[in-house]
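**Q** Can you keep this structure in mind? I'll have questions shortly.
The values are calculated or read from the model by the stated rules, or taken from the named source; none is laboratory data. The structure presented is a predicted model; accordingly, all values stated were derived computationally and were not measured. Note that we place each Cβ from the backbone using ideal geometry, even for glycine, and neighbour counts take in every protein chain shown.
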Amino acid sequence: MFAVLALVVGVGLGAFFEPSVPLALQPYLPIAVVAALDAVFGGIRAKLDGVFDDKQFVVSFVSNVLVAGLIVFLGDKLGVGTQLSTGVVVVLGVRIFGNVAGIRRRLFRA
Amino acid sequence: MTERRYASDFLTEMFNNPLDAGYAEAARRRAERGPDSAGRRIVGRGARALVLVATGFLLMVAYHQTVAGQPESSRVRAGLVADVQARQHETDLLQQQADRLRDDVSRQRDAALAAAGTDAAALNQLELATGTGRVRGPGTVVRLVDATPPVDPVTGKANGKNLGVVLDRDLQKVTNELWHDGAEAISINGERLSATSTIRTAGSTILVDFRPISSPYLVTAIGPEDLDRRFTGSRTGQLFRAIASQYGMQVSVNRVGDLTLPAAPDPQLHYAQPVPTDSPSTPVSGSPGSPVPSSPGGR
């Protein structure tokens with residue numbers, strides 16, 4: 001409940017300020033979103049498994065976003081930015097699906 | 001002796017157990033150490049809330065970026081389209097004004113010529129021949145329409161090169177053939193052809209006398225009663241039938257009993273001067289009803 005509230009507050013802040021993303025950061029935005037979603041789904045899964053840990057959650061979020069951004073940045077510099085972005089999305093997507101499958105098994109026993 | 005265990009490779013591990021191993025580790029540590037102190041718990045909760053707020057913020061920003069980015073380009077495009085349309089409307093108004101003024105001028109000139117006792121009919125005939133006066137009469141309309149582009153059955157998008165698109169060459173061929181078949185006045189989509197007219201392509205748009213026209217192309221010609229039969233029977237007519245059956249361009253030739261063609265804009269001649277002749281005589285001597293030989297020169 002508390003988590004959902006925090007999430008809603010974040011969405012509200014975003015809707016209220018409507019910040020414009022600088023052009024240089026725009027390629028990182030989708031990757032950052034996917035990385036953040038991965039951390040959040042990991043957190044939910046851990047919560048349902050009863051092993052949730054605040055520190056682990058925060059660190060995984062920050063490192064996910066930073067590493068994803070770094071990989072895309074490096075890829076851009078090496079000229080394989082799109083391919084690396086795809087790679088990051090695939091890996092994080094697989095993790096998200098795996099975690100969602102875990103959540104589903106917990107919630108619906110299916 | 002412990003059995004040597006191979007760690008499964010990264011991808012298998014990830015597919016089998018996508019949850020961060022850190023969670024299990026932290027849980028084990030907590031079980032060893034007992035529950036966290038109240039202060040640590042509060043800090044942890046605050047950090048967690050902060051991360052979730054950041055996640056929501058990120059989602060909203062990305063949403064805005066994606067949704068707001070789309071209308072930006074289409075808004076610019078719509079603005080440009082409106083601009084073009086406004087300018088076209090302006091040009092049309094100016095054109096109408098020019099037509100009115102030209103009518104006015106020719107009326108006044110006729111009156112002046114009549115007052116001076118000169119033959120105004122000869123001048124009218126010349127105007128008809130050069131295309132700077134409006135004309136009406138029986139004729140033929142050749143209609144050319146771009147083929148619908150081939151559509152990919154899977155994606156539903158246009159694919160490949162559309163070979164059935166009407167090109168400037170096609171319009172040139174049609175007008176040439178019509179002139180040859182005895183047409184006396186031709187207009188394409190309302191642009192009357194005169195001795196200095198051009199039919200050409202700029203980018204993917206066909207320009208007739210620098211005015212852009214688009215499909216469907218109506219080549220309207222005033223000429224003899226059997227102009228349509230002459231056109232369809234000609235080599236060009238056969239060519240266009242072949243193009244129609246092979247590439248899907250739509251071609252139709254219809255006879256129309258009464259056509260009115262607009263006047264062409266005055267060809268602003270700056271360099272060409274009339275050559276003085278020894279015997280000044282009116283070049284056209286026929287009655288107003290007789291056909292005037294059209295001059296296909298200059299194209």
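**Q** Scan (1) within 22 Å of B:Thr130 (Cα to Cα); (2) touching a residue at least 40 places away in the same chain (Cβ under 8 Å); (3) assigned to a strand (DSSP E or B) for the single condition B:Pro224 breaks and write down its number.
**A** Answer for B:Pro224: the failing condition is (3).
**Q** Filter segment A:59-102 for residues that are within 10 Å of another protein chain (Cβ to nearest Cβ) and among the β-branched types (Val, Ile, Thr); which is farthest from A:Gly43 (Cα to Cα)?
**A** Across segment A:59-102, the extreme among qualifying residues is A:Val91.
**Q** Please determine whether any residue of segment A:20-32 is facing chain B (nearest Cβ under 7 Å), β-branched (Val, Ile, Thr), buried (at least 18 other Cβ atoms within 10 Å of the Cβ) and part of a helix (DSSP H, G or I).
**A** Within segment A:20-32, not a single residue is facing chain B (nearest Cβ under 7 Å), β-branched (Val, Ile, Thr), buried (at least 18 other Cβ atoms within 10 Å of the Cβ) and part of a helix (DSSP H, G or I).
**Q** Can you tell me which of (1) touching a strand residue (DSSP E or B) at 6+ places or on another chain (Cβ under 8 Å); (2) in contact (Cβ under 8 Å) with a residue 12 or more places away in the chain; (3) within 30 Å of B:Leu239 (Cβ to Cβ) is the one B:Asp152 doesn't meet?
**A** The number of the failed condition is (2).
**Q** Has segment B:48-60 got any residue that is at pLDDT 85 or above, touching a Phe, Trp or Tyr at 6+ places or on another chain (Cβ under 6 Å) and not basic (Lys, Arg)?
**A** yes
**Q** Of the conditions (1) in contact with a Phe, Trp or Tyr (Cβ under 7 Å, 6 or more places away or on another chain); (2) farther than 23 Å from B:Leu227 by Cα; (3) of a type in the set (D, E, K, R), B:Glu177 satisfies every one except a single condition; which number is it?
**A** Just one mismatch for B:Glu177, condition (2).
**Q** If you don't mind, there's one more thing I want to ask. Mind telling me which of the residues B:Gly46, B:Gly79, B:Gly56 ends up being of a type outside the set (S, T, N, Q), assigned to a helix (DSSP H, G or I) and surrounded by 15 or more Cβ atoms within 10 Å (Cβ to Cβ)? Let's see the steps before the verdict.
**A** Values: B:Gly46 fails: surrounded by 15 or more Cβ atoms within 10 Å (Cβ to Cβ); B:Gly79 fails: surrounded by 15 or more Cβ atoms within 10 Å (Cβ to Cβ).
Being of a type outside the set (S, T, N, Q), assigned to a helix (DSSP H, G or I) and surrounded by 15 or more Cβ atoms within 10 Å (Cβ to Cβ) holds for just one of B:Gly46, B:Gly79, B:Gly56, which is B:Gly56.
**Q** Is it the case that B:Asp83 is at pLDDT 85 or above and among the acidic types (Asp, Glu)? Spell out how you get there, then give the answer.
**A** On the way: at pLDDT 85 or above: yes; among the acidic types (Asp, Glu): yes.
Yes; evaluated as a whole, the condition is true for this residue.
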